[in-house]
Amino acid sequence: MKRKIRQTAAVCLVSLLSVCTVLPVFADETAETEKQRGWQQQEDGRWIYLDANGERKTDTWIRGEDRNRYYLDEDGYMATDTIIENGDDLYYVDENGVRVANRWVSQSNEEEICDQEVETVWYYIDAKGRAKRKENKVVLLRDAAGETKKYFFDSDGHMLTGWQKIENNDGNYDIYYLGSENQGYAHMHWQYLPVPDDDEILENPDKDYDGYEMFYFGWDGKMVRSDESDFENGQRFGFDENGVMITGWAPAIHPYNPNNNEGDDEEKSGNLGINRYYDEVTGIMARGWLFTTDPDSDGSGNAHWFYCDKDDGYLYNEGGKDSDSVLGWKKIDGQVYFFDDHGHMVTGLISTGEDDIGESPFAESEYDFSGTGEIGKGGDTKPAGIYYLSQNEATLGQMAKGKRVRLSLDGDTATYHFSRTGWAYTNALADDRIYGEDGAMLHTDGGWEVFPLNEAIYDKDDIRTQEEDGLVSIAPCGEAIIPAGSLVIINGAGKVKKNGRVKVDGVHYIVTDYIAVEEPDED
């Protein structure tokens, strides 16, 4: 079989003096009377080799007395500075015709490789003098600094460069970036690179990017895509299906599996339907508190406080519990916070049940929880009721519990009494103060006043949470202390008269167990 010689764009001819220096045994020093054999230099300076019969050797290797190997082409001329295809193997002979080993060799190139214009191609010649040419086979080589780098070669022995899609042992594929035509090694860790314009590389070529984006390649050089990467410092980054580092809001993802034929399109794409937030500059996944605009906004809306899971970064309570409840609650650093179905941290006075707080100045207009029912998910719920989430900057969003709280805003004031689990007492007597059906304490602007009661009033200790048919509610469990329709007398501090006689607006009243009765005239 004929052997091929891959000629370079420019082949340097070697002078007789230099060749004689490298090949001291080329010239046959036997008597002139003997038939010529061995190395012979032609008039044009090229070398041939004559066998014992004086015939020119072709398409073969000749081992010189210097132990080096030289190749004779199909015309019998010694090859120099070129790649030689010999059977299934590639070799390289240098400018002196010597077959080399353990070195890189570059050649000029005029053909496209992997649909790319490459001016220079590189080969690696191993210890046996053969070029690496097994397609997609990983080759690990040490550079001058002793660092091991990963290379790939095509079936023609060319070192691959740029973006490459390499089939792995599982029959799937991995994406690598192999650098410029003079690099060729798999780049690792963070890389700021131009987004490839090859549809074979991009899983979703319709996505828009800036010219350059951040990518991450593992210790093995494989591009991370549709997945997250954790770093030793605990930071996590997300990468989309094309391997681009995610910034801003993005649906939470699971590792991409191109062979996944099960589930719906969202599952196949890796979208779990729960948002995470990645810093707009650094790409670091948010954990804990976050102040930014909504996931579905373009960044121009109002900013809100959100909470992202400290482990997985999931936006808390996005989408709410179900169609009957949009509020969730979470205990964070010992304090309880509420979140609406957009994940917004709730502030101000809210009512999630039948208790009407009216147009309370302490209710914030962006929240409307009328009739939302229980708060929370699964069996860990809080009953529907009136709650207050701090509007104070220092304690913003923290649920009030187990105390009496006086609210004041722009001249409006109101006092509420909250249970140990956070709901406000309504139609209840606590510390000789009455809290009405809207949860606010009854009080006057100064002295004693008479208040008619539309609803029965119960001792706060008799108002408890009860569970019926899986639903938790707040209800009295004893008899009313003050029946509906009774009169009570209250002062500016909210204190309700329990017993005794008192005069209000010129009228005398006798008070017994909080119930006031107008004293009859002596006449």
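The values are calculated or read from the model by the stated rules, or taken from the named source; none is laboratory data. Keep in mind it's a predicted model, so treat the numbers as computed, not measured. Note that each Cβ is placed from the backbone with ideal geometry, even for glycine, and that neighbours are counted across all protein chains shown. Remember, those area values only see protein heavy atoms, side chains included, never the ligands or the DNA or RNA. Shrake-Rupley method; radii C 1.70, N 1.55, O 1.52, S 1.80 Å.
How many residues are part of a strand (DSSP E or B) and open to solvent by 50 Å² or more (accessible area, probe 1.4 Å) when one looks only at segment 57-72?
Total meeting the criteria: 2.
Tell me, yes or no, whether segment 332-352 has at least one residue that is modelled with pLDDT of 95 or more, surrounded by 16 or more Cβ atoms within 10 Å (Cβ to Cβ), polar (S, T, N, Q) and farther than 17 Å from THR381 by Cβ.
Checking segment 332-352: at least one residue is modelled with pLDDT of 95 or more, surrounded by 16 or more Cβ atoms within 10 Å (Cβ to Cβ), polar (S, T, N, Q) and farther than 17 Å from THR381 by Cβ.
If you check every pair at least six apart or on different chains, which have Cβ atoms under 7 Å apart with a residue in segment 421-447 that is without any contact (Cβ under 8 Å) to a residue 24 or more places away in the chain first and a residue that is part of a loop (DSSP other than H, G, I, E, B) and surrounded by fewer than 20 Cβ atoms within 10 Å (Cβ to Cβ) second?
Qualifying pairs under 7 Å: GLY436/LEU442.
When the residues of segment 313-331 are filtered to those that are of a type outside the set (A, V, I, L, M, F, W, C) and open to solvent by less than 10 Å² (accessible area, probe 1.4 Å), which remaining residue is modelled with the lowest pLDDT?
Within segment 313-331, the match that is modelled with the lowest pLDDT is SER325.
Got a number for residues in segment 93-121 being in a strand (DSSP E or B) and over 19 Å from LYS57 (Cα atoms)?
Looking only at that region, the number is 12.
Answer yes or no: is there a residue in segment 294-309 that is at pLDDT 85 or above, open to solvent by 60 Å² or more (accessible area, probe 1.4 Å), part of a strand (DSSP E or B) and over 19 Å from LYS207 (Cα atoms).
Yes - at least one qualifying residue is present in segment 294-309.
Go through segment 106-133 and give me each residue that's within 14 Å of TYR91 (Cα to Cα) and open to solvent by 70 Å² or more (accessible area, probe 1.4 Å).
Hits for segment 106-133 are ALA127, LYS128, ARG130.
Among the residues of segment 492-516, what is the count of those that are among the hydroxyl-bearing types (Ser, Thr, Tyr) and part of a strand (DSSP E or B)?
Looking only at that region, the number is 2.
Given the criteria among the basic types (Lys, Arg), touching an Asp or Glu at 6+ places or on another chain (Cβ under 8 Å) and farther than 30 Å from ASN68 by Cβ, does LYS132 qualify?
For LYS132, the condition - among the basic types (Lys, Arg), touching an Asp or Glu at 6+ places or on another chain (Cβ under 8 Å) and farther than 30 Å from ASN68 by Cβ - is not met.
Would you mention how many residues in segment 186-197 are assigned to a strand (DSSP E or B) and either open to solvent by 20 Å² or more (accessible area, probe 1.4 Å) or in contact (Cβ under 8 Å) with a residue 40 or more places away in the chain (or both)?
Quick first cut of segment 186-197, residues assigned to a strand (DSSP E or B) only: 189-194.
Applying the additional criterion that residues be either open to solvent by 20 Å² or more (accessible area, probe 1.4 Å) or in contact (Cβ under 8 Å) with a residue 40 or more places away in the chain (or both) yields 189-192, 194.
Residues in segment 186-197 being assigned to a strand (DSSP E or B) and either open to solvent by 20 Å² or more (accessible area, probe 1.4 Å) or in contact (Cβ under 8 Å) with a residue 40 or more places away in the chain (or both): 5 in total.
Can you work out which of the residues in segment 353-370 that are under 14 Å from GLY397 (Cβ atoms) and of a type in the set (D, E, K, R) is surrounded by the fewest Cβ atoms within 10 Å (Cβ to Cβ)?
GLU366
For the condition on the phi > 0 side of the Ramachandran plot and open to solvent by 50 Å² or more (accessible area, probe 1.4 Å), what is the one hit in ASP438, ASP412, ASP431, ASP445?
Only one candidate qualifies: ASP431.
Looking at (1) farther than 14 Å from ILE284 by Cα; (2) assigned to a strand (DSSP E or B); (3) open to solvent by less than 10 Å² (accessible area, probe 1.4 Å), find the lone condition where PRO251 falls short.
Among (1) farther than 14 Å from ILE284 by Cα; (2) assigned to a strand (DSSP E or B); (3) open to solvent by less than 10 Å² (accessible area, probe 1.4 Å), PRO251 violates only (3).
Would you mind finding the one in LYS57, LYS35 that is at pLDDT below 90 and of a type in the set (D, E, K, R)?
LYS35
Which one of these does TYR212 not meet: (1) free of Cβ contacts under 8 Å to residues at least 24 places away in the same chain; (2) touching a Ser or Thr at 6+ places or on another chain (Cβ under 6 Å); (3) not small (Gly, Ala, Ser)?
(2)
Please give the number of the condition ASP75 fails out of (1) within 22 Å of HIS158 (Cα to Cα); (2) outside any strand (DSSP E or B).
Looking at each condition in turn, ASP75 falls short on (1).
Restrict the check to segment 134-153 and report whether at least one residue is within 29 Å of ASP59 (Cβ to Cβ) and modelled with pLDDT of 90 or more.
Looking for residues that are within 29 Å of ASP59 (Cβ to Cβ) and modelled with pLDDT of 90 or more, one finds at least one in segment 134-153, hence yes.
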